[in-house]
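The values are calculated or read from the model by the stated rules, or taken from the named source; none is laboratory data. The shown structure was predicted, so the numbers you read here are calculated from the model rather than taken from an experiment. Cβ placement follows ideal geometry from the backbone for every residue including glycine, while neighbour counts extend to all protein chains displayed. Side chains included, ligands, DNA and RNA excluded: accessible areas come from the protein's heavy atoms. Shrake-Rupley method; radii C 1.70, N 1.55, O 1.52, S 1.80 Å.
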Amino acid sequence: VEGAMQIFKHRGISVGVITNMDRAGEVIGAELGLNTMVDFVLTSKDVEVTKPDPQIFLKALDRTGALRESAIHVGDQTKSDLKGAIAAGIFPILIERNGFLTQVDEDRPRWVPVVSNLDELVRLLFD
């Protein structure tokens, strides 16, 4: 994880975490040691909506200053991450760490890339 985060920072890419947790993002980030690796942690408590509501994705974009067209969202859930990113106009990438996303269905169109870890994500984006 740290290697991928360093590559993103070196390339000037803003990285944030969006989660449906009901605690403040700054607290979660500190407790999990994320504040040194990512630019922000945004929770459903912070914005008063949960994924897949597009508003939480748009608030994350506001934090980065990025345009929808230049952003990606990497998530591990088809319903909350994939549907929310698409609804917000952000290109989704699914990360399949435990083999749960083995079939393409109506929640995961064929055009959505799937990676198994962050190193694979780096290769997908930069190779």
Candidates D107, D76, filtered to the one that is among the acidic types (D, E), modelled with pLDDT under 95, surrounded by 12 or more Cβ atoms within 10 Å (Cβ to Cβ) and under 17 Å from V17 (Cα atoms): D76
Test: residue in the range 72-81 that is charged (D, E, K, R) and not in a loop (DSSP other than H, G, I, E, B): yes
Output for the range 35-60, where each listed residue is open to solvent by less than 60 Å² (accessible area, probe 1.4 Å), touching an Asp or Glu at 6+ places or on another chain (Cβ under 9 Å) and farther than 16 Å from G84 by Cβ: M37, F40, V41
Some residue of the range 16-26 being out of contact with any helix residue (DSSP H, G or I) (no Cβ under 8 Å at 6 or more places or on another chain), free of Cβ contacts under 8 Å to residues at least 24 places away in the same chain, open to solvent by 60 Å² or more (accessible area, probe 1.4 Å) and outside any helix (DSSP H, G or I): no
Selected residue [out of contact with any Pro (no Cβ under 9 Å at 6 or more places or on another chain), farther than 22 Å from V1 by Cβ and open to solvent by 40 Å² or more (accessible area, probe 1.4 Å)] from S70, S116: S70
